[in-house]
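Enquirer: The following block contains the structure, expressed as structure tokens.
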Amino acid sequence: DGRDGENGKPGEPGQRESRAPKVTVGLTSRASAANVPIRFNKPFYNEQRHYDDTSGKFRCVYPGVYFFTYHLTIYPKDTRVSLYRNGKAVMFTYDQFQENNLDQASGSIILRLEARDEVYLQVYGEEEHGEIYADNTNDSTFSGFLLYSDDPASSQRS
Amino acid sequence: DGRDGENGKPGEPGQRESRAPKVTVGLTSRASAANVPIRFNKPFYNEQRHYDDTSGKFRCVYPGVYFFTYHLTIYPKDTRVSLYRNGKAVMFTYDQFQENNLDQASGSIILRLEARDEVYLQVYGEEEHGEIYADNTNDSTFSGFLLYSDDPASSQRS
Amino acid sequence: DGRDGENGKPGEPGQRESRAPKVTVGLTSRASAANVPIRFNKPFYNEQRHYDDTSGKFRCVYPGVYFFTYHLTIYPKDTRVSLYRNGKAVMFTYDQFQENNLDQASGSIILRLEARDEVYLQVYGEEEHGEIYADNTNDSTFSGFLLYSDDPASSQRS
Ligand SMILES: [Ca+2]
Ligand SMILES: [Ca+2]
Ligand SMILES: [Ca+2]
């Protein structure tokens with residue numbers, strides 16, 4: 001009889017997958033419609049296209065724990081914004097505007113997402129409390145990235 | 001003699017550990033006491049319980065390099081807040097309040113922590129310079145997560 | 001014939017490399033010069049020295065996808081700041097100042113960097129629109145860290 005084969009090589013070290021979701025998108029102009037997702041249609045980074053600038057939603061493909069952060073320009077009125085997950089407001093940011101005093105407001109959150117969960121920003125309440133401002137020298141942005149994947153195959157190379 | 005057996009298959013790729021510390025907590029109401037940690041008792045994500053809402057402190061279990069970020073609502077007075085590590089103020093955030101102009105202030109920091117190190121936010125100085133505001137449509141939050149573990153076994157599955 | 005060998009052992013767990021770039025730096029005093037990088041010369045964390053406080057620039061050694069965030073104190077005038085990559089303004093933050101109402105402004109961005117790419121903050125436009133404030137109880141900071149390395153060997157141990 002021949003000898004037994006050698007044991008297989010150890011697996012590859014775990015690697016962060018370049019396909020892992022990560023996105024920063026910004027506004028190209030004012031957004032003021034209440035009760036619909038804010039559409040950030042200026043991509044700073046959106047290679048994997050997990051953010052859909054038509055719907056204004058980040059859509060989870062790989063379940064896991066994500067970090068989101070947003071930075072908003074407050075002008076020319078007060079702003080009330082909420083970060084939503086699947087139609088439910090999860091986090092709230094409010095900032096008041098006074099004449100000649102444009103402001104910046106921001107928020108961050110860690111969330112566990114299941115596949116197909118949607119995360120987005122939305123002005124809530126009356127439309128008059130909801131303008132997010134941006135122009136070509138003043139950004140308002142929404143960013144997110146995967147911190148830890150529940151599914152190794154999705155965030156690790158095989 | 002027969003042929004040698006085939007080599008075994010490569011092992012499974014390594015995986016990031018879901019137990020790695022990560023937390024976002026918020027305020028449920030105003031916090032104004034000076035010189036004690038601010039107790040964020042509204043958990044957005046605190047599965048591993050590394051943040052203790054009784055003491056108001058994030059406690060390091062796995063040594064490594066961490067990222068922390070906080071977003072605070074400034075109302076109805078000026079706010080002076082510091083991020084502390086083990087009783088020492090490390091980073092300072094100050095924002096002034098003016099009538100009818102509620103503001104948002106924020107900070108971020110990368111820190112190397114040893115096991116049992118404690119990180120928390122605290123109003124410093126006189127109490128009259130220290131209210132952090134929150135209500136049910138206006139959050140003030142504190143988040144943190146492990147960037148790189150010093151101890152592979154603690155942040156990776158075996 | 002010999003039997004096939006056993007499958008190999010699972011690979012080593014994936015590990016984040018402690019050398020992976022990560023930095024938080026702050027200002028020690030006011031910075032107001034326009035059109036030169038802001039020099040953050042108060043290191044909160046800069047072990048790998050990827051941020052050079054002489055040039056004021058973060059220099060990419062390991063190509064990959066990075067997260068940057070900054071938090072700026074707005075006082076005593078309006079501030080216009082941009083995050084630059086290699087001489088090109090990528091993201092803009094503007095905040096107006098009013099008497100007795102010191103403010104905070106912030107921004108975040110995810111960027112893919114190639115080796116030798118430089119990232120930094122700079123006041124743009126006229127110098128009178130550009131002071132970033134800091135003193136010993138009020139920080140202005142710039143942070144960045146590697147999210148995903150293009151080159152596994154640089155962010156993972158073998
Ligand atoms: Ca302002
Ligand atoms: Ca305001
Ligand atoms: Ca203010």
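The values are calculated or read from the model by the stated rules, or taken from the named source; none is laboratory data. Only a predicted model underlies this, so the values are computations on that prediction, with no experimental measurement involved. Heads up, the Cβs are rebuilt from the backbone with ideal geometry, glycines too, and the neighbour counts pull from every protein chain shown. Ligands, DNA and RNA are stripped out before the accessible areas are found, and what is left, the full protein with its side chains, is counted by its heavy atoms. Shrake-Rupley method; radii C 1.70, N 1.55, O 1.52, S 1.80 Å.
Enquirer: What quantity of accessible surface, computed with a 1.4 Å probe and excluding non-protein components, is buried in total between chains A and C, in Å² to the nearest 100?
Expert: Values: alone 9240 and 9300 Å², together 15140 Å².
It comes to approximately 3400 Å² buried between A and C.
Enquirer: With a Förster radius of 25 Å, plug the Cβ-Cβ distance of B:Lys88 and C:Asp150 into 1/(1 + (r/R0)^6) and report the FRET value to the nearest 0.05.
Expert: 0.10
Enquirer: Leaving out ligands, DNA and RNA, and with a 1.4 Å probe, what % of the accessible surface on the range B:18-158 is carbon or sulfur? Could the numbers behind the result be given before it?
Expert: Details: 2120 of 4950 Å².
Carbon plus sulfur share of accessible area: 43 percent.
Enquirer: Place the label 7 angstrom along Cα→C-beta at A:Asp150 and in each other copy, then list the distances from the first to the rest in nm, shortest first.
Expert: 3.3, 3.3
Enquirer: Over 31 Å between Cα atoms, which of A:Lys42/C:Lys42; A:Lys88/B:Lys88; A:Lys77/B:Lys77 qualify?
Expert: Details: A:Lys42/C:Lys42 33 Å; A:Lys88/B:Lys88 39 Å; A:Lys77/B:Lys77 21 Å.
Exceeds cut-off: A:Lys42/C:Lys42; A:Lys88/B:Lys88.
Enquirer: Note the distances from A:Glu99 to each other copy's matching label point, with points 7 Å along the Cα-to-beta-carbon direction, in nm, sorted shortest first.
Expert: For A:Glu99, the inter-copy label distances come out at 1.5, 1.5 nm.
Enquirer: If you don't mind, there's one more thing I want to ask. Mind checking the dipole of the range C:76-122: about its Cα centre, +1 per Lys or Arg Cβ, -1 per Asp or Glu Cβ, Debye to the nearest 20? Let's see the in-between values first.
Expert: On the way: 6 positive and 7 negative charges, 52 e Å.
Charge dipole, the range C:76-122, about its Cα centre: 240 debye, nearest 20.
Enquirer: Measuring from a point 7 Å out along Cα→Cβ, what nm distances, shortest first, does A:Arg49 have to its partners in the other copies?
Expert: Inter-copy label distances (nm, one decimal, shortest first): 4.4, 4.4.
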